[in-house]
Amino acid sequence: MPKITYIEHNGSEHVLDVKNGLSVMEGAVKNNIPGIDADCGGACACATCHVYVDAAWADKVGAKSAMEESMLDFAENVEATSRLSCQIKVTDALDGLIVRMPESQH
Amino acid sequence: MSETKSGVVIIGAGHAGGTIAALLRQYGYEAPITLIGEEPLAPYQRPPLSKAWLKGEADADSLALKPTEFYAETGIEMLLDVRASAIDRAAHTVALHDGRTLAYETLIIATGARARSLPIPGADLKGVLSLRSAADAEELKASLGPGKRLAVIGGGYIGLEAAASARALGGEAVVIEREPRILARVACEILSDFFTAYHRARGVDFELGAFVESLSGADGHVNGVKLADGRTISCDVALVGVGAPPNDEIAQAAGLDCNGGIVVDIHARTSDPDIFAIGDVSHRPLPHYHRSFRLESVANALEQARQAAAAITGRPPPAPEVTWNWSDQYDLKYQFAGMPFEIDDIVLRGDPATAKFAVFHLTGDVIQAVEAVNAPAEFMAGRQLIAQRRPISRSRLADPTVSMKEVAA
Ligand SMILES: Cc1cc2nc3c(=O)[nH]c(=O)nc-3n(C[C@H](O)[C@H](O)[C@H](O)COP(=O)(O)OP(=O)(O)OC[C@H]3O[C@@H](n4cnc5c(N)ncnc54)[C@H](O)[C@@H]3O)c2cc1C
Ligand code: FES
């Protein structure tokens with residue numbers, strides 16, 4: 001299973017094995033990792049699963065849809081590396097992925 | 001006899017109950033947590049039951065809030081398939097239907113709502129379904145497909161999503177609504193007209209202003225919906241979607257303040273300081289609108305779970321959120337936020353004919369609510385503007401060439 005490192009805003013690190021096919025959001029939520037709220041459960045409707053994807057992984061995680069882009073535009077503390085983690089599907093190619101969480105999702 | 005355990009007892013293992021159990025552990029709560037659920041399943045998400053799951057695009061695992069082993073690993077005791085039957089506030093205990101009694105220090109009522117049934121002849125025929133639980137959804141899914149005609153009684157979101165899913169599965173669908181328009185209770189006329197046209201263009205029939213008198217059947221199975229005008233709308237399965245009253249009887253019997261739901265404050269606390277109520281069952285304050293309301297949405301369940309978990313663990317209360325919700329039908333992403341109380345104007349932004357537009361509800365120049373179809377920027381900016389209660393320019397809001405960033409600037 002691909003290993004994903006989730007880093008909370010306070011620096012706490014969680015290295016998890018996440019099943020292929022789940023989203024990066026689901027990997028965190030199903031393991032009760034704080035910092036990703038995911039209010040809409042992955043419907044790309046809430047923008048409370050915001051993460052920063054380590055620059056080295058930007059290409060591998062794929063492109064944003066127009067929907068994701070617009071949602072992110074209005075999220076708090078958005079950076080160039082911001083993504084909605086429910087829109088990133090976990091595959092073997094993402095083994096080693098590192099995502100950081102923003103200060104707040106609300 | 002009481003099994004001494006105490007800590008937090010949660011009645012209702014649904015979206016709100018499951019979420020607060022996990023949140024309490026996240027927030028460092030270490031005393032026992034017991035989660036009592038009437039359904040045989042660990043907490044799961046209901047929204048996909050009328051959407052992705054119904055169309056076969058999501059599996060059962062993805063519905064579960066947490067993997068089953070999570071509860072044991074984090075010391076959350078789950079008692080499933082058993083109903084809580086009474087609360088003894090003086091003794092601080094909950095009685096279960098199977099005779100057990102549990103002691104609590106803090107009680108959380110998260111019993112949700114149930115599908116309202118129709119008090120008409122034929123409502124007990126086979127094939128007359130409602131859609132609240134995973135079991136309901138299994139039954140519905142098994143009745144949809146090529147050659148099957150679904151009659152949806154009640155034109156709300158869940159019924160419309162089911163109709164869209166029925167079409168996606170190759171069957172037919174007809175929506176029967178008592179009001180002259182669908183979504184009458186929850187959306188404005190522009191949205192009602194838009195969704196009606198969009199569904200019609202995709203083969204869904206509508207009977208509007210139609211009063212259902214009874215259901216007809218053969219061999220105990222439904223085969224039609226009889227209307228007051230004498231016509232019978234034929235169908236193979238009927239889905240009744242006419243609202244969801246709160247499961248607040250257990251709170252009423254215990255003498256907690258109820259008013260179409262259990263009355264709570266901004267911390268989700270009931271009239272008894274040791275008892276909280278969260279989710280669809282609660283009647284809660286809406287700080288942005290200076291009034292109280294019973295909301296039925298995931299966002300509401302989660303917000304109240306955060307409020308109560310913060311209060312129980314002594315954390316600062318979370319900032320009030322603007323209520324919001326979403327619906328998926330075909331390729332439409334519908335998102336809405338706020339409440340259209342005391343509205344004196346609406347502003348349409350974009351053209352419904354393009355299936356990308358938003359309707360803003362205003363009091364003076366202040367946005368109270370937004371309904372957005374395939375218009376995430378309008379939804380997100382609208383939600384922020386509602387929270388800020390900041391006046392905007394209506395003419396700029398109505399002009400899609402002015403970006404929402406500029407409108408909000
Ligand atoms: C088909 C469908 C689609 C939906 N789509 C959306 C959507 O797109 N967006 C959105 O925001 N919301 C949607 N909702 C609403 C959302 O699912 C609810 O707002 C949410 O589930 C509320 O959570 P809850 O925990 O309050 O209630 P529930 O999730 O209903 O949980 C309550 C639980 O308590 C149990 N219970 C009740 N009484 C007792 C008792 N005495 N003892 C033990 N257990 C008891 C019930 O069996 C149930 O399992 C949808 C709902 C349905 C049914
Ligand atoms: S979980 Fe809601 S947008 Fe990702």
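The values are calculated or read from the model by the stated rules, or taken from the named source; none is laboratory data. Just so it is clear, the structure is predicted and the values come from calculations on it, not from any experiment. Note that each Cβ is placed from the backbone with ideal geometry, even for glycine, and that neighbours are counted across all protein chains shown. Just so you know, the surface numbers come from the protein's heavy atoms only, side chains and all, with ligands and any DNA or RNA stripped out. Shrake-Rupley method; radii C 1.70, N 1.55, O 1.52, S 1.80 Å.
In table form, for the structure just shown:
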item: Qualifying positions in region B:44-61 - more than 12 Å from every other protein chain (Cβ to nearest Cβ) and open to solvent by less than 30 Å² (accessible area, probe 1.4 Å); result: B:Ser50, B:Leu54
item: Qualifying strands (runs of 3 or more DSSP E) (wholly inside region B:135-235; at least 3 residues being among the β-branched types (Val, Ile, Thr)); result: B:172-177
item: Test result for B:Asp236, away from ligand 2 (no atom under 16 Å from the Cβ) and under 22 Å from B:Ser133 (Cα atoms); result: yes
item: Options A:Pro2, A:Pro102, A:Pro34; residue that is more than 12 Å from chain B (Cβ to nearest Cβ) and under 22 Å from B:Gly28 (Cβ atoms); result: A:Pro102
item: Some residue of region B:23-32 being touching a Leu at 6+ places or on another chain (Cβ under 9 Å), in contact (Cβ under 8 Å) with a residue 60 or more places away in the chain, buried (at least 23 other Cβ atoms within 10 Å of the Cβ) and assigned by TED's automatic domain parsing to the domain that holds B:Leu295; result: no
item: Test for B:Glu39: is it within 9 Å of ligand 1 (Cβ to nearest atom), more than 10 Å from chain A (Cβ to nearest Cβ), surrounded by fewer than 22 Cβ atoms within 10 Å (Cβ to Cβ) and of a type in the set (Asp, Glu); result: yes
item: Subset of region B:288-329 [among the acidic types (Asp, Glu) and either under 14 Å from the mean Cα position of the chain (by Cα) or open to solvent by 60 Å² or more (accessible area, probe 1.4 Å) (or both)]; result: B:Glu296, B:Glu303, B:Asp328
item: Single condition A:Glu8 does not satisfy, out of (1) at pLDDT below 95; (2) away from ligand 1 (no atom under 16 Å from the Cβ); (3) touching a Pro at 6+ places or on another chain (Cβ under 7 Å); result: (1)
item: Test for B:Ala355: is it assigned by TED's automatic domain parsing to the domain that holds B:Gln368, more than 15 Å from ligand 1 (Cβ to nearest atom) and among the hydrophobic types (A, V, I, L, M, F, W, C); result: yes
item: Yes/no for B:Leu131 being more than 30 Å from B:Thr34 (Cα to Cα), touching a residue at least 24 places away in the same chain (Cβ under 8 Å) and in a loop (DSSP other than H, G, I, E, B); result: no
item: Residue list for region B:322-338, restricted to those being modelled with pLDDT under 95 and more than 12 Å from chain A (Cβ to nearest Cβ); result: B:Gln329, B:Tyr330
item: Entirely in region B:299-366, the strands (runs of 3 or more DSSP E) that have 1 or more residues that are within 16 Å of ligand 2 (Cβ to nearest atom); result: B:324-329, B:332-338
item: Test: residue in region A:69-88 that is away from ligand 1 (no atom under 16 Å from the Cβ), of a type outside the set (Gly, Ala, Ser) and in contact (Cβ under 8 Å) with a residue 60 or more places away in the chain; result: yes
item: Number of the exception - B:Thr363 against (1) within 18 Å of the chain's Cα centre (by Cα); (2) among the hydroxyl-bearing types (Ser, Thr, Tyr); (3) away from chain A (no Cβ under 14 Å); result: (1)
item: Output for region B:1-22, where each listed residue is surrounded by 19 or more Cβ atoms within 10 Å (Cβ to Cβ), more than 16 Å from ligand 2 (Cβ to nearest atom) and aliphatic (A, V, I, L, M); result: B:Val8, B:Val9, B:Ile10, B:Ile11, B:Ala13, B:Ala16, B:Ile20, B:Ala21
item: Inter-residue pairs, beta-carbon under 9 Å, first away from chain A (no Cβ under 11 Å) and in region B:286-306, second hydroxyl-bearing (Ser, Thr, Tyr), 6+ apart; result: B:Leu286/B:Ser292; B:Leu286/B:Thr323; B:His288/B:Thr323; B:Phe293/B:Thr323; B:Arg294/B:Ser282; B:Leu295/B:Ser282; B:Leu295/B:Thr323; B:Gln304/B:Ser282
item: Residues located in region A:68-86, provided they are open to solvent by 80 Å² or more (accessible area, probe 1.4 Å) and either among the acidic types (Asp, Glu) or within 9 Å of another protein chain (Cβ to nearest Cβ) (or both); result: A:Glu69, A:Asp73, A:Glu76, A:Glu79
item: Extreme residue, modelled with the highest pLDDT, among residues of region B:63-80 that are open to solvent by 50 Å² or more (accessible area, probe 1.4 Å) and within 12 Å of chain A (Cβ to nearest Cβ); result: B:Glu73
item: Region A:1-56: number of residues that are away from ligand 2 (no atom under 15 Å from the Cβ), over 24 Å from B:Tyr71 (Cβ atoms), aliphatic (A, V, I, L, M) and not in a strand (DSSP E or B); result: 2
item: Every residue from region B:370-409 that is exposed (fewer than 15 other Cβ atoms within 10 Å of the Cβ), in a loop (DSSP other than H, G, I, E, B) and within 13 Å of chain A (Cβ to nearest Cβ); result: B:Ser403, B:Ala409
